[in-house]
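Each remark here refers to the structure printed beneath this line.
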Amino acid sequence: KNQVEQSPQSLIILEGKNCTLQCNYTVSPFSNLRWYKQDTGRGPVSLTIMTFSENTKSNGRYTATLDADTKQSSLHITASQLSDSASYICVVVSFGNEKLTFGTGTRLTIIP
Amino acid sequence: EAGVVQSPRYKIIEKKQPVAFWCNPISGHNTLYWYLQNLGQGPELLIRYENEEAVDDSQLPKDRFSAERLKGVDSTLKIQPAELGDSAVYLCASRQRTSGSGSGELFFGEGSRLTVL
């Protein structure tokens with residue numbers, strides 16, 4: 001069964017600190033992996049999309065990595081800001097049927 | 001350009017009442033999704049459309065849920081009758097499907113939050 005697992009479930013860090021969120025998946029065949037940011041009460045917004053051949057991609061202070069061999073991805077946030085408080089959802093897209101498998105998300109809280 | 005537009009943003013109804021949600025995808029996007037999201041969980045697919053055809057509705061509870069996408073643009077999702085367990089956020093998303101790679105970016109609406117009393 002295709003699954004996406006994220007860890008930790010929740011995380012609290014001080015403003016200005018860095019953090020890393022993890023995503024492990026069993027989706028096969030693999031097409032691409034996406035990270036989304038979802039603010040409370042809003043729809044998810046795309047941060048990065050990574051294909052099989054990409055092992056790192058940055059979007060401002062967000063850097064995603066992908067290891068397709070171990071089926072792991074991480075999202076690193078540098079110099080966190082209060083506005084980074086949100087849920088971060090990992091999504092893996094299957095090759096062929098393009099089915100999206102969502103993780104349950106990591107709830108990140110930045111405190112001043 | 002406007003993003004994915006959903007309405008209403010909030011809806012409170014009593015159980016056994018009907019409810020409908022509307023979604024207007026980004027212009028030109030041929031793929032449209034309806035998702036259900038419970039608090040603290042990731043979105044769960046209800047139905048996916050390619051143009052006006054429902055290509056994946058395996059997770060749609062067809063005894064009470066129905067959806068349509070006439071003319072392959074706007075879509076409506078209906079629940080009749082609503083149950084207490086249907087309280088959730090209903091998200092609509094759309095993307096322009098690209099040939100082969102599946103890498104077209106997915107855009108979500110703000111969601112419709114349903115509360116069933």
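Looking only at residues in the stretch A:86-112 that are touching a Lys or Arg at 6+ places or on another chain (Cβ under 9 Å) and not in a strand (DSSP E or B), the one that is farthest from the other protein chains (Cβ to nearest Cβ) is A:99.
Return the residue satisfying two criteria in turn: it lies in the stretch A:20-51 and is without any contact (Cβ under 8 Å) to a residue 40 or more places away in the chain and facing chain B (nearest Cβ under 10 Å), and of such residues it is farthest from residue A:94 (Cα to Cα). So the residue we want is A:41. Can you confirm whether residue B:61 is under 30 Å from residue A:30 (Cβ atoms), in a loop (DSSP other than H, G, I, E, B) and either touching a residue at least 40 places away in the same chain (Cβ under 8 Å) or not hydroxyl-bearing (Ser, Thr, Tyr) (or both)? So residue B:61 fits the description; yes.
Just one residue in the set B:77, B:70, B:45, B:39 is among the aliphatic types (A, V, I, L, M), closer than 20 Å to residue A:101 by Cα and under 15 Å from the mean Cα position of the chain (by Cα); that residue is B:45. Of all residues in the stretch B:75-93, those that are crowded, with 17+ Cβ neighbours inside 10 Å, more than 14 Å from every other protein chain (Cβ to nearest Cβ) and hydrophobic (A, V, I, L, M, F, W, C) total 3. Annotation: of all residues in the stretch A:1-41 being in a loop (DSSP other than H, G, I, E, B) and at pLDDT 95 or above, the one that is nearest to residue B:105 (Cα to Cα) is A:39. Residues that are part of a strand (DSSP E or B) and within 10 Å of chain A (Cβ to nearest Cβ) were ranked within the stretch B:23-49; the one that is farthest from residue B:96 (Cα to Cα) is B:37.
The values are calculated or read from the model by the stated rules, or taken from the named source; none is laboratory data. No experiment lies behind these values; they were computed from the predicted model shown. Glycine gets a Cβ as well: all are built from the backbone with ideal geometry, and neighbour counts include every protein chain shown.
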